[in-house]
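Q: Sharing a structure, written as structure tokens. Questions coming.
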Amino acid sequence: MIFLNTIKMITISVLILIFHVISNATPLLQRGTGNIEITVFFETGHSKLGENSFQYKRLITFLDSISIIRNDRQTFFSITGNASFTGSMKYNDRLSLKRAFSVQKMIKKYLFYSSPAFKKIEGRGYKDNLNTRNLSDLSKFQNTRIIVSFERGKTEPDEILSSFDTIKRYGKNSIDMTFVYIKSGEFRMGSSLKDRDEDEEIKNINIKNDFFIQNTEVTQKQWSRVMGKNPSSFSRCGENCPVENITWDDAHIFIRKLNGLEKTTIYSLPSEEQWEFAIKRNSKKDTIQIFDNPYDFAWINLNSKGKTHRVATKKPEDNGLYDMRGNVWEWCTNQYLFESLNSDFNYYKGKKYRVIRGGNWNSDIPDIRSSNRLFADQRRSNAGIGFRVVALKK
């Protein structure tokens, strides 16, 4: 009960922060210029915010709000760190400056795509009273104040990169998704194995456009930053584990919101042709038989212990893609279409079934072959299906 009440209080506090930022930003949206600010508190003696701390999440929520309201204006940050921990002013000055620079590092990381500028970064050490030193007295100095200014005209950056060009230059986007570049080309889709499934017949496919594909599955952290809630059955796995328990329709809502957040249209689910082309591109592992040890590359039924695991903890494909095999099945855009002599297969044609690829934590070794296909009802979710996104210039 105490735990639930704590979670409820944190959620309410974050919602109040978002409302406060957006409310204060309304005049900025009208005038085009102005300031908003936030103060985050550090543990006594610490120079960094813990990634799971409430203050860290407050600052990330604040920066997400900046992303929404900046509206292509240049943002300027003034950062003042404060500290009072020991009788040494030199130590306090140094600690306060470390706090300011740690906040600057977070801002650069989360707002890299908007080229934030910094007007002032300073530290202020305060001499504590050794006769009355206690945590309550010191706490008011254990903080860093961030003031954000929005300006137009001459303050506009010389270059505003599109989302696609940002990925091309930096390899990642505004919510810290990392991407791998896949050059266009032709390939043989399907399998030539004698014991292949009936729906894996060989086809010559031409991928006409270069694209970027996320190098991991969408994580619970990335999902939560866009959607606000984490639907995962394995939420205890952690924020760097793949999001799952989402429908095909849910994945499209996420992509629509991500496109809206970055004011673009480049993001989508991969087609199964793009997915298979990506896993086979520059790869010598077209068939599972070539693996020295499949467990080096995939979380499947014999090594997963019945659950998902953090992304990018197994070896990548030759082109740098992680978890294309195992961990969670991945939604593709395609409707499952297949003409078969088997009436059980034909039952699914024309219904709301979508292709999923790659196998999951409960799969057998044959399921993680690069050409293996499966399908699922796009309206239903389960703990074994997630997705990754592609970025294609349109």
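Q: Would you check which residues across the stretch 66-83 are modelled with pLDDT of 80 or more and farther than 19 Å from Phe118 by Cβ and list them?
A: Scanning the stretch 66-83 gives a single hit, Ala83.
Q: Exactly one condition in (1) modelled with pLDDT under 95; (2) not in a helix (DSSP H, G or I) is not met by Arg225; state its number.
A: (2)
Q: Of everything in the stretch 12-39, what is at pLDDT below 50 and either more than 19 Å from Thr75 (Cα to Cα) or among the hydrophobic types (A, V, I, L, M, F, W, C) (or both)? Give them in sequence order.
A: Ile12, Val14, Leu15, Ile16, Leu17, Ile18, Phe19, Val21, Ile22, Ala25, Leu28, Leu29
Q: List the number of the failed condition for Arg169; all other conditions in (1) assigned to a strand (DSSP E or B); (2) charged (D, E, K, R); (3) farther than 20 Å from Ile356 by Cα hold.
A: The one condition Arg169 does not meet is (1).
Q: Looking at the stretch 161-177, I want the residues that are free of Cβ contacts under 8 Å to residues at least 40 places away in the same chain and more than 16 Å from Ser67 (Cβ to Cβ) and have a partner that is of a type outside the set (D, E, K, R) and surrounded by 14 or more Cβ atoms within 10 Å (Cβ to Cβ) with Cβ atoms under 7 Å, at least 6 apart or on another chain. Which pairs are those?
A: Arg169/Leu161; Gly171/Thr178; Gly171/Phe179
Q: Under the condition of being of a type in the set (D, E, K, R), within 22 Å of Pro116 (Cα to Cα) and modelled with pLDDT of 85 or more, which residue from the stretch 40-65 is surrounded by the most Cβ atoms within 10 Å (Cβ to Cβ)?
A: Within the stretch 40-65, the match that is surrounded by the most Cβ atoms within 10 Å (Cβ to Cβ) is Arg58.
Q: Residue pairs, Cβ under 9 Å, 6 or more apart or interchain, first in the stretch 292-303 and within 12 Å of Trp361 (Cα to Cα) and among the aliphatic types (A, V, I, L, M), second modelled with pLDDT of 95 or more and not in a loop (DSSP other than H, G, I, E, B). List them.
A: Once the first residue is within 12 Å of Trp361 (Cα to Cα) and among the aliphatic types (A, V, I, L, M) and sits in the stretch 292-303, its partners that are modelled with pLDDT of 95 or more and not in a loop (DSSP other than H, G, I, E, B) give Ala298/Gly326; Ile300/Gly326.
Q: Then there is this: Could you list all residues from the stretch 261-279 that are part of a helix (DSSP H, G or I) and either modelled with pLDDT of 90 or more or surrounded by 20 or more Cβ atoms within 10 Å (Cβ to Cβ) (or both)?
A: Result: Glu272, Glu273, Gln274, Trp275, Glu276, Phe277, Ala278, Ile279.
Q: Quick one: how many residues across the stretch 214-260 are in contact (Cβ under 8 Å) with a residue 24 or more places away in the chain, of a type in the set (S, T, N, Q) and buried (at least 19 other Cβ atoms within 10 Å of the Cβ)?
A: So the count comes out to 7.
Q: Still on this model: Could you count how many residues in the stretch 228-254 are in contact with a Lys or Arg (Cβ under 7 Å, 6 or more places away or on another chain) and under 21 Å from Leu111 (Cα atoms)?
A: The total comes to 2.
The values are calculated or read from the model by the stated rules, or taken from the named source; none is laboratory data. Since the model is a prediction, treat every value here as computed from it, not as a measurement. Note that each Cβ is placed from the backbone with ideal geometry, even for glycine, and that neighbours are counted across all protein chains shown.
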